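J.: Before we start, here is the structure in question, set down as C-alpha cells.
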Amino acid sequence: MAIALARSAVRGLTAAPVTTSIAVFTIAAALVLAGGFGLLVTNMSDVLSRFGEELQVVAYLEDGLDARAQRRIATSVSTVEGVESVSIVTKEEALARFRETADGVGLLEGLEENPLPASLEVRLRAERRTPEGVDVVVRALSGLPGIAELAHGQEWVEGYARFASLVRAGAIGLGLVLGVAALMIVANTIRLAVYSREDELEILSLVGASRSFVRIPFLVEGALQGALGGLFAVGLLYLGFAVALPRLEYGLELVLGNASPQFFTSVQALTLVAAGGALGLLGSATAILSWRSPA
Amino acid sequence: MSRWERQSPAIGGDGAVRTYHVSKSYIAGTFALHDLSLEVRKGEFVFLTGSSGAGKTTLLKLLFAAERPSEGQILVLGRNIARLRESAIPSLRRRIGVVFQDFKLLNRLTIEDNVAIALEVVGTPRKEARGRAFRMLKQVGLQHRRYHHPLSLSGGEQQRVAIARALVNEPEILLADEPTGNLDPDLTLEIMDLISSASTRGTTVIVATHDMSLIERYAKRTIRLEGGRIADDTPDLRHASP
C-alpha cells in the first residue's frame, strides 16, 4: 500500500509538469524572500554578537599605585560576580595607545608628565553583557579601594540592547508575515492542483479508495514540491549572494559594518529546504483536507 | 436499529438493494425522486428507464452513496445508505462496480493501470493487481492494448476498459448509467453482452438506459421512472411465471 501511495504521488508530480513547476517555483519564490531576509538577519546577528563581545567596564585606578597594588586590585575585581576577565593597562601602555591615534600626538606635545591614569579593562561574562548586567558589576566595583573612576558607556549599552531587540523582534515579525504569506500562496497553488485533478480524485473515490489513499499522495506531493522549492531557493540565494554581493558592497557595509557577509551554513540551508517541505505539506494539507469528493 | 429495519422482516434476505419511501430533493419543494420503494434481488438484472430527468441517475447515485436520500431508507448489500458513516463508504464501493456513459478513465494511465487501480486501492500487491487486470482485459478482448492510454482507444474500447475496471474486483452489484449512450449500435450490443455476462455469473446488475431497443432485446425486469416515481415495474419476461 505504501508503495502504491508513493507511486501515486510521483505519478501525480510528473503527470502535471506545468502545475508542479508553478507550485515549486511559487514555494521557491516565497522561500527566497524569507531566506534572503533570514540571511540578512543572520549576518546582522553576528555583527551584534561581536558588538556584545566588546562590551566592557573600564576602572581607572588612583595615581601613585605601584604594579603590585594594581595586581592586587585586579585580583579582587576578578572575583566580582559577572566578571569574566580583567586586564591591566599601565600608564605607559595608555600613553602608547593614545599616541597611536592621530589626534593624540598633537595634544600631548609640551606635557612633561604622563597625564593618563592606569586602568583595569573588565570583560563581562556573556550573560552580563546587558544594561542590567553592567549596572550590577559597576555597583560592585564602585566601592573597591584604589578605583578612582568607572567608565562603562551605559547609554551606548542601552542603545545597543534596544537595537538588538528591535532587530530580533523585526526578524520574528517579518518572518511570521512572510511565513503566513508563503503558506497561503502554497495552499492556493496546491488547491489549484487539486482542482485540476478533481476527475482523478473522483474516480479513485468511485472505485472505493479510502480517504487516506486519495489524500496521502497529495500530502507527499506537497512535501516533495516544497522541498524542491526549498532547494531552488537555496540555489537562487547562493547565486544571488555570489553575483550581487560585490555590487552591493557599499549598501551592505552600512548595515553590517566591516564584517564580511556569510552565506548559510549547511545546517541552515537544510533547514530552509525542510521549511519548504513543511510549507508544501501544510499547504497541501490545507487544500486537500477541505476537498470534498463530488461522488 | 431504525424504525424501518424493525418493520422490515425481509431485510438481509436475498435483497441486494431495497429502498423504502425514498425521496431526494436538491431544491426545496422539487423532488428528483419521490416516495420510491423497490427491491432488487441478488443476481437480478434490472433495467432502469425513463426520460431525461426521470430520476435514473439520482437513484444510481443513491445506491453507490454518492448522494444521501432526503427521506426514506436505502439498504445496499445490507448497509443502510442513509446512515452510512463517511468512512464506511469506500468499503461499500469496493463491493459495487460502476460504469458511466463518459467512461471516467484516467487518461494519464495505461488501460491496464486503469483496471489495476481498482485493486490497488484495496491493497492488492501491484504484481497481482496487474495480473488480474490483464486477465480482465482479456475477458473484454483488450489484452493486446494493455499499454495503450484511454485517449488512443475508440469509445467502445474505452467503455470495455471501464467495464473491466468495474468487474475486476468481482463486485456483488454492477451499476451502469447509460453505458451505451455514446456508442453506435454494434458497440452497444457488444457492451451490453459484457454487462449481461456479469449477471450470469451472479452479479446483481442495474442498468439505467433510455434505449428501448435494448430493453426489448434483453427482455429483463424493467423499472420505468417518471417524475421521480415508479411508473411501471415490468418483470423479467423470460423468467416470469405463466
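J.: Say the cut-off is 18 Å between C-alpha atoms; which of B:Lys24/B:Lys61; B:Lys104/B:Lys138; B:Lys61/B:Lys104 go over it?
T.: Working: B:Lys24/B:Lys61 11 Å; B:Lys104/B:Lys138 20 Å; B:Lys61/B:Lys104 15 Å.
With Cα atoms farther than 18 Å apart: B:Lys104/B:Lys138.
J.: Please list, by residue number, every one of the GluC sites (Glu not before Pro) in region B:50-118 that is coil in DSSP and has at most 10 other beta-carbon atoms within 10 Å. Walk me through the numbers on the way to the answer.
T.: Working: sites: B:Glu67, B:Glu71, B:Glu86, B:Glu112; in loops: B:Glu67.
Here no loop site has a sparse enough neighbourhood.
J.: For region A:189-194, in order, what is each residue's ³J(HN,Hα) by Karplus, 6.51 cos²θ - 1.76 cosθ + 1.60 with θ = phi - 60°, in whole Hz (x at glycine and Pro)?
T.: Ordered by residue, 3J(HN,Hα) equals 5, 5, 4, 4, 5, 5 Hz.
J.: For the pair B:His144 and A:Leu33, how long in nm is the line joining their label points, each one 7 Å along Cα→Cβ?
T.: If labels sit at B:His144 and A:Leu33, their model points lie 5.8 nm apart.
J.: Right, here's the next one. Per residue of region A:28-42, in order, report the coupling 6.51 cos²θ - 1.76 cosθ + 1.60 (Karplus, θ = phi - 60°) as ³J(HN,Hα) in whole Hz, putting x for Gly and Pro.
T.: 4, 4, 4, 6, 5, 4, 5, x, x, 5, x, 4, 5, 5, 4
J.: Still on this structure, I have one more. Which percent, to the nearest 5, of DSSP beta bridges fully inside the protein assembly as shown are antiparallel? Numbers along the way, then the final one.
T.: On the way: 34 of 52 bridges.
Of the beta bridges lying entirely in the protein assembly as shown, close to 65 percent run antiparallel.
J.: Average partner chain C-beta neighbours within 10 Å, per residue of A:197-205?
T.: Partner Cβ neighbours, averaged per residue: 4.
J.: What FRET efficiency comes out for B:Lys42 versus A:Val10 if R0 is 30 angstrom and r is the Cβ-Cβ distance? Round to the nearest 0.05.
T.: Result of the calculation: an efficiency of 0.15.
J.: Pull up all non-local amide H partners of B:Val98: gap of 5 or more, or a different chain, and H-to-H distance under 5 Å with H placed in the peptide plane.
T.: For B:Val98, the qualifying residues are B:Leu175.
J.: Excluding same-chain residues fewer than 8 positions from A:Lys91, which aspartates and glutamates have a Cα within less than 12 Å of its Cα?
T.: A:Glu62, A:Asp63, A:Asp66, A:Glu113
J.: Can you compute 3J(HN,Hα) from phi for each residue in region B:113-124, using the Karplus curve 6.51 cos²θ - 1.76 cosθ + 1.60 with θ = phi - 60°, rounded to whole Hz and x for Gly and Pro?
T.: Those phi angles translate into 5, 4, 7, 5, 4, 5, 8, 5, 5, 9, x, 5 Hz.
J.: Turning to a different aspect of this structure: Work out which GluC sites (Glu not before Pro) in chain A are exposed loop sites (DSSP not H, G, I, E or B, at most 15 other Cβ within 10 Å) and give the longest gap free of them.
T.: Counting at most 15 other Cβ atoms within 10 Å as exposed, the longest clean stretch of chain A is A:114-295.
J.: Other chains' Cβ within 10 Å of A:207-219 residues: what's the mean?
T.: Working: counts 19, 16, 8, 9, 4, 2, 5, 2, 0, 0, 0, 0, 0.
Partner-chain Cβ atoms within 10 Å, mean over residues of A:207-219: 5.
J.: Where a Cα-Cα gap under 16 Å defines reach, which aspartates and glutamates qualify for B:Lys42, not counting those fewer than 8 residues away within the same chain?
T.: Straight-line reach from B:Lys42, under 16 Å: B:Asp14, B:Glu170, B:Glu172, B:Asp236.
J.: Would you kindly state how much longer the chain becomes between A:Val136 and A:Leu289 on full extension, computed as 0.36 nm times their sequence separation minus their alpha carbon distance, in nm to one decimal? Could the numbers behind the result be given before it?
T.: Numbers: separation 153, 0.36 × 153 = 55.08 nm, distance 5.57 nm.
Fully extending the segment from A:Val136 to A:Leu289 adds 49.5 nm.
J.: Here's a follow-up. Taking just the C-alpha trace of region B:1-158, give me its Rg and Dmax in Å.
T.: Computed over the Cα atoms of region B:1-158, radius of gyration and Dmax are 18.4, 53 Å.
J.: Return the ratio Rg/(2.2 N^0.38 Å) for the protein assembly as shown, where Rg is computed over Cα atoms only. List each step's numbers first, then the result.
T.: Details: Rg = 39.8 Å, N = 537, 2.2 N^0.38 = 24.0 Å.
Taking N as the residue count of the protein assembly as shown, the ratio is 1.66.
J.: Mind pulling up the Rg/Rh value for region B:33-89? Radius of gyration and Kirkwood radius, both on Cα.
T.: Result for region B:33-89 is an Rg/Rh of 0.95.
J.: Here is a follow-up. Restricting everything to alpha-carbon atoms, can you work out Rg to Rh for chain A with a Kirkwood hydrodynamic radius?
T.: A ratio of 1.26.
J.: For peptide A:170-181, how many partner chain Cβ atoms fall within 10 Å of a residue's Cβ, on average?
T.: Details: counts 0, 0, 0, 0, 0, 0, 0, 0, 0, 0, 0, 0.
Partner-chain Cβ atoms within 10 Å, mean over residues of A:170-181: 0.
J.: Which residues make up the longest stretch of chain A clear of trypsin sites (Lys or Arg not before Pro) that lie in a DSSP loop with no more than 15 other Cβ atoms within 10 Å, not counting the sites?
T.: A:1-124
All of the numbers you see were taken from the coordinates with simple rules; none came from a lab. Bear in mind that the values here come from a model prediction, so they are computed numbers and not experimental data. A quick note on method: Cβ atoms are made from the backbone with ideal geometry, for glycine too, and the neighbour counts reach across all protein chains shown.
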